[in-house]
Amino acid sequence: MNKVAKATIGLMVATIIAKVLGFGRELVLASSYGASMYSDAYITAMNIPLVIFASIGGALGTTFIPMYCNIDNTFGEKRSLKYTNNIFNIVIVLSITLAVLGYVFAEPLVKLFAFGFKEETFQITVNFTRIIIMGTVFTGIGFVMTSYLQVKNNFIIPGLTSLPKNIIIISSIILSTKYGPYTMIWGTVLGLASEFLFQLPFAIKNGYKYTPHINLKDENLRKTIWLIGPVLIGVGVNQINAMVDRALASNLAVGSISALNYSNKLNGFVMVLFISSISTVIYPMLSKLSSEDNKEKFNQSIVQSINSVILLILPISVGAITLATPIVKILFQRGEFDTRATSMTAIALAMYSIGMIAFGLRDILGKVFYSLQDTKTPMVNGAIAVVMNISVNLVLVRYLKHAGLALGTSISAIVCIILLFRSLKKKIGYFGQDKILKTTFKSLLASIVMGGITIVTYNLLSQMLGVGFVKEFIALFSSIFIGAFTYGIMVIVLKVEEINVIVMMAKRKLKLAQV
């Protein structure tokens, strides 16, 4: 148990380091290009392969690991390695095929992802896409290496893969301000290649041996394909929604895509810091309890996980809504990122933050269904969420522009969560809904009080300290600290049970860190 806990802490630290550097990449991009034609083109070109491969990679990881374990336990290591190489080589062929097709059909792809781009922005995006698409081969096989290392209980190395990638991309963005925008595109390709190359030596050390083997008639391959379909739709919801947002934003003012991207990255950063570790730990635990048919502990784990997410994310969501402008200003407003870009990004951040709790709970509930060996329910709910996101976005974009797109995504996520809760009730009956509602009400009440005190504190400090980066920084983080303190006092006064669980987890992690 101690080793598992230490591995979890190691994974959390590795993920945080990698994501902090990834967020730094966004800050460098914002400082170098702001919310401009080049940043819009770069972000769109980056997200065309990302939408495809991030979804496939997530689905592959969810299906590859249990399939590998089953083969390894039944037939031995030689057979499981053969299965790995079969998947690896098929992914290479598919990735090369997709890269060639992406290069040839770059123009219609860009029209699909950004149909509103004008001539110059459109052509730049097409050129960027044709270069970046080459890196998808490494992205595809990188996901296979990630899954292989995870099945070998090596979680830290996959968590650090974006470290060399982001260092290379950040360097290329900085160099591109002197040598031209195409420098950051070629740097991005090198960064994508580094994700695979970084993992390869560790995979070999863990027993991986490459063989040029492809067997399309393999029964295990067929099972993987059968499983991967529903999971692909379920995990691809975020990517598809982001694609829809950017496609519609391409028809708006220049910088709209960049504003949505920067605000979405801020939300994503919060998800990684607080949700990923809970999600990573809960999946195997729930799977074990489900297989043992331990309903009492299974339900208890669901309630604790969901309530922990609610307690952590609701105050952050309210804080991000009330302090959106100063947060964006402190983090981004420098270089080419002007007051207009700050205003656009801040309103998008506030709109995305409305659905922050839903984004977090969707990942947790998805893992609950997967632990019950139910891939259909997340798939159906994911499809409904995508259709609703498109419908709501088409309405709201007319009145609220890019802010309407962010709000539409939040609304669809909230509806998706309500549907998932209903589906879970139908599947397993009572699982502690009353406890979840009770915690939600108390946390929301505490968050609203916190939000009011935070914004009043910020306004008072801003007037007292005046203008200037250091003064604004002090005003912002002092008000955040006072707000967090207020929230902590409120949840203790309201006697929220899960606060003790979170405190115990924090104490345990501190003790482990000292060992």
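Does LYS329 satisfy the condition of being under 22 Å from SER39 (Cα atoms), open to solvent by 30 Å² or more (accessible area, probe 1.4 Å) and basic (Lys, Arg)?
Details: under 22 Å from SER39 (Cα atoms): yes; open to solvent by 30 Å² or more (accessible area, probe 1.4 Å): yes; basic (Lys, Arg): yes.
Considered against the rule, which asks whether it is under 22 Å from SER39 (Cα atoms), open to solvent by 30 Å² or more (accessible area, probe 1.4 Å) and basic (Lys, Arg), LYS329 comes out as yes.
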*Elements of type helices (runs of 4 or more DSSP H) contained in segment 64-167, each with 3 or more residues being closer than 26 Å to MET243 by Cα and open to solvent by less than 70 Å² (accessible area, probe 1.4 Å)*: 77-104, 106-113, 119-132, 136-151
*asked:* Restricting to segment 37-55, name every residue that is open to solvent by 30 Å² or more (accessible area, probe 1.4 Å) and either more than 13 Å from the chain's Cα centre (by Cα) or farther than 28 Å from GLY382 by Cβ (or both).
replied: MET37, TYR38, MET46, ILE52
*Matching entry among LYS6, LYS78 (being at pLDDT 85 or above, more than 23 Å from the chain's Cα centre (by Cα) and more than 30 Å from ILE257 (Cα to Cα))*: LYS78
*Any idea which of (1) among the hydroxyl-bearing types (Ser, Thr, Tyr); (2) touching a residue at least 60 places away in the same chain (Cβ under 8 Å); (3) within 30 Å of VAL368 (Cα to Cα) is the one THR125 doesn't satisfy?*
(3)
*asked:* Could you check segment 457-472 and list, in sequence order, the residues that are surrounded by fewer than 14 Cβ atoms within 10 Å (Cβ to Cβ) and among the hydrophobic types (A, V, I, L, M, F, W, C)?
replied: LEU460, MET464, VAL467, PHE469, VAL470
_All positions within segment 429-461 that are touching a Lys or Arg at 6+ places or on another chain (Cβ under 8 Å) and of a type in the set (S, T, N, Q)_ = GLN433
*List the number of the failed condition for GLY382; all other conditions in (1) crowded, with 18+ Cβ neighbours inside 10 Å; (2) within 30 Å of MET490 (Cβ to Cβ) hold.*
(2)
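The values are calculated or read from the model by the stated rules, or taken from the named source; none is laboratory data. Computed from a prediction, not measured in an experiment: that's the story for all the values here. Don't worry about glycine lacking a Cβ; one is built from the backbone with ideal geometry, like all the others, and counts go over all protein chains shown. Heads up: the accessible areas ignore ligands, DNA and RNA and are worked out on the full protein's heavy atoms, side chains in. Shrake-Rupley method; radii C 1.70, N 1.55, O 1.52, S 1.80 Å.
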